[in-house]
There are 2 protein chains.
Amino acid sequence: MSIRVTVDIIIFTIRQQELCVLLVKRGIPPFKGRWSIPGGFVLERESLEDAARRELREETGVDEVYLEQLYSFGKPKRDPRGRVITIAYFALVKAAGIHPEAGSDAAQAQWFPMSGLPSLAFDHQEILDYALLRLRNKLEYTTVGFELLPDKFTLTELQRVYEAILDRKLDKRNFRRKMELLGILRPTQEFRKEGSHRPARLHRFAARQFETLKDKGILFPF
Amino acid sequence: MSIRVTVDIIIFTIRQQELCVLLVKRGIPPFKGRWSIPGGFVLERESLEDAARRELREETGVDEVYLEQLYSFGKPKRDPRGRVITIAYFALVKAAGIHPEAGSDAAQAQWFPMSGLPSLAFDHQEILDYALLRLRNKLEYTTVGFELLPDKFTLTELQRVYEAILDRKLDKRNFRRKMELLGILRPTQEFRKEGSHRPARLHRFAARQFETLKDKGILFPF
DNA sequence: CCAAAAGTGTTAGGAGTACACCCATGG
DNA sequence: CCATGGGTGTACTCCTAACACTTTTGG
């Protein structure tokens, strides 16, 4: 019993303080002209994760990003062409100017804010919903949030990332205290001047040693 | 690009206050004679979950159990026969006398305590490790623990389930207070008499309404 | 001096942890 | 009356949440 196997990758980033996802416009049927999550077939000799990284590179030109397997979707009729199951991954890329078109087989790729998504092909809306859920959950007990920021960032920028993903406002003082308690930030001597107000100190993420925060008994509220 | 796709199911239960997993002895090469996680090929017209439920039924004769997709494993060489990826599921079955042999294609099936596992075929040890990790995590913030108990149970039995999975002792009073706070137990008027000591009150699980406890802000310690 | 974002501290409520004794029963 | 597991309460710590003003800068 052989089945065609694809990987689909939900690529998230933050743009203009909004959570965005990379979608590609389908050039061929089915769903021609509809937007979809980028993906492709798994090759004979590559692992699932390798396939996901390859697709990611083809679409965004970037490598070395956060990538995690999400879930496998395999309803018999999810693809009208026949039996195709997909292993979905999700990736987090740093905002720093990634041009979707940098890839090779980019029919047409574009960032969409989660608040304004087009109608998606296949069961891709379901996959995307699940990815957002996972991302929100992981934000609580891991440091994935930092994967969406450049090397140096302000505390407000960090807070905006959390707010964008959780889709609600957080208290500035409580947010900062929590980060302080976690001890995963290293302040630098640099400041970001921007507009006519007090400059913000830049910080670095300094905690490769643990991705899980559970140990510290500190979580983010939902 | 077609690939053979299997589902493998890690079936957990509690026996004699120990966490156990169902394994089957392979009757054919490769790994003939080695123990492995039960599984089989996904059929053309069934969903992944349907395939998992079918396998589960064939192995244990039970249906209506907790079943959850775990992870997909797809390294090119994980099966010496060629390219096979597997979608792993994990199931929790109630202790109440399930005879592994009840199934159809049961070559030879047997419960093994997690503390005394044999050497496993393929990458099944890796899959099992991951399943245990997931189970432990879910125990903290969901009510999956109840899936391993019969309809009515004593508080001590419940605590033993948590202890078996987490592999450490818990404080009786704190454990009970937490359950009390969660409000997910309904005491019955029945008692279990067993040996020469005070009988234990039987309780029911009474919270189908939510599987996630996060909302309540109460978690189990790790 | 005005506008705008950066930065900072206190209090009250509640869950987590550690810990020791009496209760009910059968033999 | 004794052995066995069932059942209960308190004190302390620490995280969480709510909440408002001062600081620094550019214009």
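The values are calculated or read from the model by the stated rules, or taken from the named source; none is laboratory data. These figures come from a predicted structure and were not determined experimentally. Quick reminder, even Gly has a Cβ in these numbers, built from the backbone with ideal geometry, and neighbours come from all protein chains shown.
Residues to consider are B:THR86, B:THR60; find the one that is within 14 Å of chain A (Cβ to nearest Cβ), polar (S, T, N, Q) and out of contact with any helix residue (DSSP H, G or I) (no Cβ under 6 Å at 6 or more places or on another chain).
Values: B:THR60 fails: within 14 Å of chain A (Cβ to nearest Cβ).
When all the criteria are applied, what remains is B:THR86.
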*Could you pull out every one of the strands (runs of 3 or more DSSP E) wholly within the stretch A:1-63 that has 1 or more residues that are without any contact (Cβ under 8 Å) to a residue 60 or more places away in the chain?*
A:2-15, A:39-41
*Which is in contact (Cβ under 8 Å) with a residue 40 or more places away in the chain and of a type in the set (Gly, Ala, Ser), of A:ALA121, A:ALA206?*
A:ALA121
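From the list A:ALA96, A:ALA107, A:ALA91, which residue is modelled with pLDDT of 95 or more, away from chain B (no Cβ under 14 Å) and more than 16 Å from DNA strand D (Cβ to nearest atom)?
Among A:ALA96, A:ALA107, A:ALA91, only A:ALA91 is modelled with pLDDT of 95 or more, away from chain B (no Cβ under 14 Å) and more than 16 Å from DNA strand D (Cβ to nearest atom).
Please go through the stretch B:197-222 and give me each residue that is part of a loop (DSSP other than H, G, I, E, B) and at pLDDT 95 or above, ordered by number.
The initial filter retains those residues of the stretch B:197-222 that are part of a loop (DSSP other than H, G, I, E, B), namely B:197-199, B:206-211, B:213, B:217-222.
Listed by number, the residues that qualify are B:HIS197, B:ARG198, B:PRO199.
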*Report, by residue number, each residue of the stretch A:130-162 that is over 30 Å from A:THR86 (Cα atoms), surrounded by fewer than 18 Cβ atoms within 10 Å (Cβ to Cβ) and more than 10 Å from DNA strand C (Cβ to nearest atom).*
A:PRO150, A:ASP151, A:LYS152
*Scan the stretch B:110-134 for residues that are small (Gly, Ala, Ser) and closer than 23 Å to B:GLN69 by Cβ and report the count.*
2
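Among the residues that make up the stretch A:163-172, is at least one of them part of a helix (DSSP H, G or I), at pLDDT 95 or above and within 7 Å of DNA strand C (Cβ to nearest atom)? So that I can check it myself, show each step before the final result.
Within the stretch A:163-172, the subset part of a helix (DSSP H, G or I) is A:163-166, A:172.
Restricting the remaining residues to those that are at pLDDT 95 or above gives A:163-166, A:172.
Of the ones still in play, those that are also within 7 Å of DNA strand C (Cβ to nearest atom) are A:172.
The answer is yes, given that some residue of the stretch A:163-172 is part of a helix (DSSP H, G or I), at pLDDT 95 or above and within 7 Å of DNA strand C (Cβ to nearest atom).
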